[in-house]
Amino acid sequence: MAVLHLRHLTHHSLLSTSKLHHHFRFSPLKSPRFSCSASASSTMAKQVLVPIANGTEPMEAVITIDVIRRSGADVTVASVEKELRVDACHGVKIVADALVADCKNTVFDLIALPGGMPGASNFKDCGALESLVKKQAADGRLYAAVCASPAVALGSWGLLKGLKATCYPSFMEQLQSCATAVESRVQQDGKVVTSRGPGSTMEFAVTLVEQLYGKEKADEVSGPLVMRPNHGDEYTITELNPLEWKCNNVPQVLVPIADGSEEMEAVMIIDILRRAKANVVVASVGDNLEILASRKVKLVADMLLDEAAKLTYDLVVLPGGLGGAQAFAKSDKLVNLLKKQAESNKPYGAICASPALVLEPHGLLKV
């Protein structure tokens, strides 16, 4: 993000003992199971279910959860597997709040399916999830899916008949057999919202916020996200301090994380660079591998910064988030690593609060 806004710092509501505490984490550890049969809250917070599975696209899951939590909704992340932990795409581990089977007695205002393969196929094969979403549709409540899930899950369940829908480009032919397929980035028809893939998920999630709370809340949430206003427009990148970007072998990339890091920014950087086959090292600047990100997502780093700093990198990239950027700025080890990167004429980057709070105070933005 390029704009820092106070609402960016507001986390989703914490639940009392009479409610569920909804969070998820990237962790190799198992967490206790949570039952989703708790009584409905007396507050006005909307209840949202985001299922995850082995093979789920982590950007689509994290963006959907993060953006919807910014609206104040209570988001339950539920695994369709037998275990709470799922192995998402690109080496990301996510630990759910509950199993989908435990959520059968809960009424949700929205059920939103991220995509990814074989994640979408695992959704389709989950009888408990199919029953939940079919009841959601029968009761006239909102349901949604992105990427492969509209065609593979919703379409296979017969929940798109006679409706306009979109999905990931390579699944459009399959979608045509079960819906009126359109190539919109986000498509709404009645109580169904569908979208194309990782690059359209932020718009997808903001649309879901609008359906839950109205346009004013959607505008309030989307403003600090600094979304592109015209996604169809061409755009260019101007490099003000040109340097030769090359490496002889597999690119080695460092992505530090800390308590308060913005999880969408961290996960998108990691996910996309790993798609490009870079070797991405995620390093915690704190004392523990596990950090608590800004929207209460728990991420587990590959190693501590003390260990990561012993290696050399072709690129160092800092995610934003106010708390995370402040922790980065206080880390002498990280600042020294960045200075060495600059002295070696190697690229480094930062987003959101990190350019102003980390790079500028340490002279790392000088021409």
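Bear in mind that the values in this text are calculations on the coordinates, not laboratory data. Worth saying up front: this structure is predicted, and the values here are computed from it rather than measured. Here Cβ is always computed from backbone atoms with ideal geometry, including for glycine, and neighbour counts include all displayed protein chains.
Below is a table of values for the structure above.
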read-out	value
Charge dipole magnitude, Cβ of K and R +1, D and E -1 - the chain, Cα centre, debye nearest 20	520
Per-pair calculated FRET efficiency, R0 = 22 Å: residue 279 and residue 237 via Cβ, rounded to 0.05	0.40
CD proxy at 222 nm, helix term only [per DSSP H run n ≥ 4: -39500 (n - 2.57); per residue of the chain; nearest 500]	-7500 deg cm²/dmol
Shape box of the range 252-362 [Cα atoms, principal axes, largest first, Å]	36, 32, 24
Rough spin-label spacing in nm, given labels placed 7 Å along Cα→Cβ, for residue 244 and residue 364	2.5
25 Å Cα-Cα reach of residue 217 towards lysines, excluding residues that sit fewer than 8 places from it in its own chain	19, 46, 191, 296
Calculated P(r) tail over 14 Å for the range 122-187, as whole % of Cα pairs	52
Prolate/oblate/rounded call for the range 100-233, Cα gyration tensor, a/c under 1.5 rounded	oblate
Globularity ratio of the range 194-295, using Cα Rg and 2.2 N^0.38 Å	1.35
Estimated distance in nm for a label pair at residue 287 and residue 170, the labels positioned 7 Å out from Cα along Cα-to-Cβ	4.6
Using alpha carbons only: equivalent-ellipsoid semi-axes of the chain, gyration tensor based, whole Å	35, 22, 19
q = 0.14, 0.15 Å⁻¹: log10 I(q)/I(0) that the Debye formula gives for the range 45-162, counting C-alpha atoms only	-0.48, -0.56
Compactness of the range 68-120, expressed as Rg and Dmax over alpha-carbon positions, Å	11.9, 33
The range 159-198 - percent relative contact order, Cα under 8 Å, separation 6 or more	45
Contact order relative to length of the chain, as percent, for alpha carbon pairs under 8 angstrom and 6 or more apart	16
